[in-house]
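The values are calculated or read from the model by the stated rules, or taken from the named source; none is laboratory data. No experiment lies behind these values; they were computed from the predicted model shown. Cβ coordinates were reconstructed from backbone atoms using ideal geometry, including for glycine residues, and neighbour counts include every protein chain displayed. Only protein heavy atoms, including side chains, enter the accessible area calculation; ligands, DNA and RNA are left aside. Shrake-Rupley method; radii C 1.70, N 1.55, O 1.52, S 1.80 Å.
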Amino acid sequence: MPSTRRTTVRAALFTAPLVVLVVLGTAVAPAGATPHHPAKSLTCRGEGVDRDALIRYKTSTVIDAPLSTIWKIQTDVERWPSWQAPVATIERLDHGPFRAGSAFRWTTPVPATPTTPATTLEITSTVEQLKRESCIRWTGPAIGEGLRIDRGVHVWNFTKVRGGVRVSTEETHVGEQVESNVPLATEILGQGLEGWLSELKATAEVAAAHSGV
């Protein structure tokens, strides 16, 4: 997957991800996924999504793999295209360990909707907060021909639980264009986040099985 304007959630995200940006397309919720929209939002180092966002989605799933494996897969952003079908290209804009201040630019195709044309979103995501193997929060805009999300905020939490690690994610989007159809934008965002979790779960569990953990 960079408010005073009212917010919307990602179609691909961004923070889209910004995020979430983050991953579009028709997706089936992974086993154990628990999509919901509770009053309490996810945070990372005290910062969360845009509180006044009109478009938001939150969900989680339990992944049967070591936390270190899940964290490595999620934060090795340059390898996202190898396991996330919706991520077409990605480029780290900084060097060294993935940390607060890291930035990356990525693209994802977006299908046509009743209000917007088919296009490719270019998302520039900046990590605002990070706690190793615990949480990540990144933000940023997503811009394509005929489609723009002014600001996406994407938060991830990783918590050890019985049976593995609960990965929770929440994203919001802000932008006049996507806010013109909040139900549709929210549906697309939800499909993207469910798809992201499903692919992260599958990738991490296969990696864990191959390592014999």
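Selection of region 25-67 for residues being within 21 Å of Asn181 (Cα to Cα), surrounded by 15 or more Cβ atoms within 10 Å (Cβ to Cβ) and modelled with pLDDT under 95 yields Gly25, Ala27.
Condition check for Cys135 on (1) under 20 Å from Ala103 (Cα atoms); (2) surrounded by 21 or more Cβ atoms within 10 Å (Cβ to Cβ); (3) hydrophobic (A, V, I, L, M, F, W, C): one failure, at (2). Those strands (runs of 3 or more DSSP E) of region 56-136 in which 3 or more residues are among the aliphatic types (A, V, I, L, M), farther than 14 Å from Val167 by Cβ and in contact with a strand residue (DSSP E or B) (Cβ under 9 Å, 6 or more places away or on another chain) occupy 119-131.
Scanning region 188-195 turns up at least one residue that is farther than 16 Å from Ile55 by Cβ, open to solvent by less than 40 Å² (accessible area, probe 1.4 Å) and not aliphatic (A, V, I, L, M).
Between residues in region 61-74 that are farther than 11 Å from Glu133 by Cα and residues that are assigned to a loop (DSSP other than H, G, I, E, B) and of a type in the set (A, V, I, L, M), which pairs lie under 7 Å by C-beta distance while being six or more apart or on different chains? Cβ pairs passing all conditions: Thr61/Ala33. Any idea how many residues of region 122-132 are farther than 14 Å from Trp71 by Cβ and open to solvent by less than 70 Å² (accessible area, probe 1.4 Å)? Within region 122-132, residues that are farther than 14 Å from Trp71 by Cβ and open to solvent by less than 70 Å² (accessible area, probe 1.4 Å) number 5. Going by the conditions given, is Thr119 among the polar types (S, T, N, Q), buried (at least 19 other Cβ atoms within 10 Å of the Cβ) and touching a Leu at 6+ places or on another chain (Cβ under 6 Å)? Judged against the criteria, Thr119 is not a match. For the residues Val213, Val178, Val206, the requirement of being of a type in the set (A, V, I, L, M, F, W, C) and at pLDDT 95 or above singles out Val206.
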